[in-house]
Amino acid sequence: MSHEARRQPAPEAAATDPDGGAPPSPTPSGSGEGSAEADHRPDGGGGGGGGSTRRFWSARRIPAAIVALVLTVAAAVLLYEAVAASTGEPPSAWRREITADLATRPLDDPWAIAGSALAALLGLWLVVLAVTPGLRGLLPMRGGASDGVRVRAGLERSAAEAALHDRLLDVPGVRSVRVRAGRHRIRVRARAHFRSLDEVRGDLDRALDDGVRQLGLARRMRRSARVRRPTKD
């Protein structure tokens, strides 16, 4: 998501866990240094806060519900066939057809290969969902504890972008600014319509440093800032 040329209110933290509390805001300190083109530095305020940097895990209720439904239906059908076979009833027509087809179909048949590939891809997709956290749009914040209860909070990327956008737009000389927040890096592209680019870049770097610290993110964020003159029409 990007924000350009217009001011937006900065939303608050998007998620808190478990009691809806928010971690205490860190105290701003220090300032960054300017760079000629791009600046890649870790956030000095991102570590040492005592909170966990683990990402939030998605519940993935829809995939879990689909898998549970399919397995339940398949188990019910197989159980019915097993009970019917144990009581001496003749097998169902669909079971006879499937058995006959599997007995006569060669292994290099295109339909057999396609079915096997589809089953393998489906299983791989389920494995990936099971071992990855998801929720890529939620940045973990530094946690804290209150009355012995550990609190975790998260900030959506769009909220971080909006907060930094408004802060950077207040830098003298900045005409427009775009902010893109990733999982590990924050990219800023600004246009300056007066003052020298070096002065604007220095103030922009300092405002970006302070803004990232005040977001209270748990992970150290690299930053890339670029300032240019607006193109002439």
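Can you tell me which condition VAL179 does not meet? The list is (1) open to solvent by 40 Å² or more (accessible area, probe 1.4 Å); (2) within 22 Å of the chain's Cα centre (by Cα); (3) aliphatic (A, V, I, L, M), and all the others hold. Only one criterion in (1) open to solvent by 40 Å² or more (accessible area, probe 1.4 Å); (2) within 22 Å of the chain's Cα centre (by Cα); (3) aliphatic (A, V, I, L, M) is unmet by VAL179, namely (1).
Annotation: of all residues in the stretch 90-141 being among the charged types (D, E, K, R) and over 30 Å from ARG185 (Cα atoms), the one that is surrounded by the most Cβ atoms within 10 Å (Cβ to Cβ) is ARG95.
Is it the case that some residue within the stretch 203-210 is more than 17 Å from GLU161 (Cα to Cα) and not aliphatic (A, V, I, L, M)?
Kept after step one, since they are more than 17 Å from GLU161 (Cα to Cα), are these residues of the stretch 203-210: 203.
With the extra rule that they be not aliphatic (A, V, I, L, M), the set shrinks to 203.
Checked the stretch 203-210: at least one residue is more than 17 Å from GLU161 (Cα to Cα) and not aliphatic (A, V, I, L, M).
Quick one: is PRO24 at pLDDT below 50 and either surrounded by 11 or more Cβ atoms within 10 Å (Cβ to Cβ) or charged (D, E, K, R) (or both)? Considered against the rule, which asks whether it is at pLDDT below 50 and either surrounded by 11 or more Cβ atoms within 10 Å (Cβ to Cβ) or charged (D, E, K, R) (or both), PRO24 comes out as yes. When the residues of the stretch 142-176 are filtered to those that are at pLDDT 90 or above and hydroxyl-bearing (Ser, Thr, Tyr), the one that is least open to solvent (accessible area, probe 1.4 Å) is SER176. Among residues of the stretch 80-98 that are closer than 25 Å to ALA112 by Cβ, those with a beta-carbon under 8 Å from a residue that is surrounded by 10 or more Cβ atoms within 10 Å (Cβ to Cβ) and among the polar types (S, T, N, Q) at least six positions away or on a different chain give the pairs GLU81/SER92; PRO91/THR99.
Can you find a residue that is part of a helix (DSSP H, G or I) and within 37 Å of the chain's Cα centre (by Cα) anywhere in the stretch 92-104?
So the first thing to find is which residues in the stretch 92-104 are part of a helix (DSSP H, G or I), and the list is 93-104.
Narrowing the set further to residues that are within 37 Å of the chain's Cα centre (by Cα) leaves none.
Scanning the stretch 92-104, I find no residue that is part of a helix (DSSP H, G or I) and within 37 Å of the chain's Cα centre (by Cα), so the answer is no.
So, in the stretch 214-225, exactly how many residues are surrounded by 21 or more Cβ atoms within 10 Å (Cβ to Cβ) and either in a helix (DSSP H, G or I) or without any contact (Cβ under 8 Å) to a residue 40 or more places away in the chain (or both)? Of the residues in that region, 1 qualify.
The values are calculated or read from the model by the stated rules, or taken from the named source; none is laboratory data. Note that the coordinates shown come from a computational prediction; the quantities given were computed from them, not determined experimentally. So basically every Cβ, Gly included, is an ideal-geometry build from the backbone, and we count neighbours across all protein chains shown. Quick note on the areas: whole protein, heavy atoms, side chains included, nothing else; ligands and nucleic acids left out. Shrake-Rupley method; radii C 1.70, N 1.55, O 1.52, S 1.80 Å.
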